[in-house]
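K.L.:
If you scroll down you'll find the structure; I have some questions about it.
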Amino acid sequence: MARTETHQPVETKQAGAKAMSAVDSFSLDDETRAYARKLFKRRVEGWGDEARALEECASWTGMTPRSFKRLITGETKQAGTFFSRVRKGYLDYCARKVAELQNEIQAEKARYGNVRIGDLDHEVEALVAKVEAARAVKILQQREG
């Protein structure tokens, strides 16, 4: 399911109506499911780890394991209602992994000096900045009505 973004305005039929771009019209349900699937896939380590990974992912997003599994499999009808929780859980997971990477780099520096690491620490700092920038973005959900 590839999504393309054109950034081209879409014409409206009503006079004075606000024009939408293709970027604005993404499906919040699809995005929520995509974040949930990525979080689960990155957390699961193997066949026997799926139940534990499901429980952890559910707790990170403030959901029950059954609700999280229903979200991943597409059984949840209004998945967009969980978007902010799932996105926050995913970004928190990314931040934890980047922190682990920073700790490993510090251990390598202490052991071997800066010779073996090179510019890797600068790249990790850039990753930290990207995760923090993504956390700072607040996406407002449109309410129908």
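K.L.:
Taking the residues in segment 117-138 that are surrounded by fewer than 11 Cβ atoms within 10 Å (Cβ to Cβ) and farther than 15 Å from residue 94 by Cβ as candidates, determine which candidate is modelled with the highest pLDDT.
P.N.:
Once the filter is applied, the top-ranked residue is 122.
K.L.:
Just checking, how many residues over segment 45-81 are at pLDDT below 90 and of a type outside the set (D, E, K, R)?
P.N.:
9
K.L.:
While we're looking at this one, here's another question. In segment 112-141, how many residues are of a type in the set (A, V, I, L, M, F, W, C), under 27 Å from residue 29 (Cβ atoms) and outside any helix (DSSP H, G or I)?
P.N.:
Looking only at that region, the number is 3.
K.L.:
Criterion first (among the aromatic types (Phe, Trp, Tyr) and modelled with pLDDT of 80 or more) does residue 112 satisfy it?
P.N.:
Criteria not met by residue 112.
A quick yes/no check of all residues on (1) under 20 Å from residue 132 (Cβ atoms); (2) part of a loop (DSSP other than H, G, I, E, B); (3) within 17 Å of the chain's Cα centre (by Cα):
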{"position": "54", "(1), (2), (3)": "no, no, yes"}
{"position": "63", "(1), (2), (3)": "no, yes, yes"}
{"position": "68", "(1), (2), (3)": "no, no, yes"}
{"position": "71", "(1), (2), (3)": "no, no, yes"}
{"position": "77", "(1), (2), (3)": "no, yes, no"}
{"position": "89", "(1), (2), (3)": "yes, no, yes"}
{"position": "93", "(1), (2), (3)": "yes, no, yes"}
{"position": "110", "(1), (2), (3)": "no, no, no"}
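The values are calculated or read from the model by the stated rules, or taken from the named source; none is laboratory data. Just so it is clear, the structure is predicted and the values come from calculations on it, not from any experiment. Methodologically, a virtual Cβ is constructed for each residue, glycine included, from the backbone with ideal geometry; neighbour enumeration extends over all protein chains shown.
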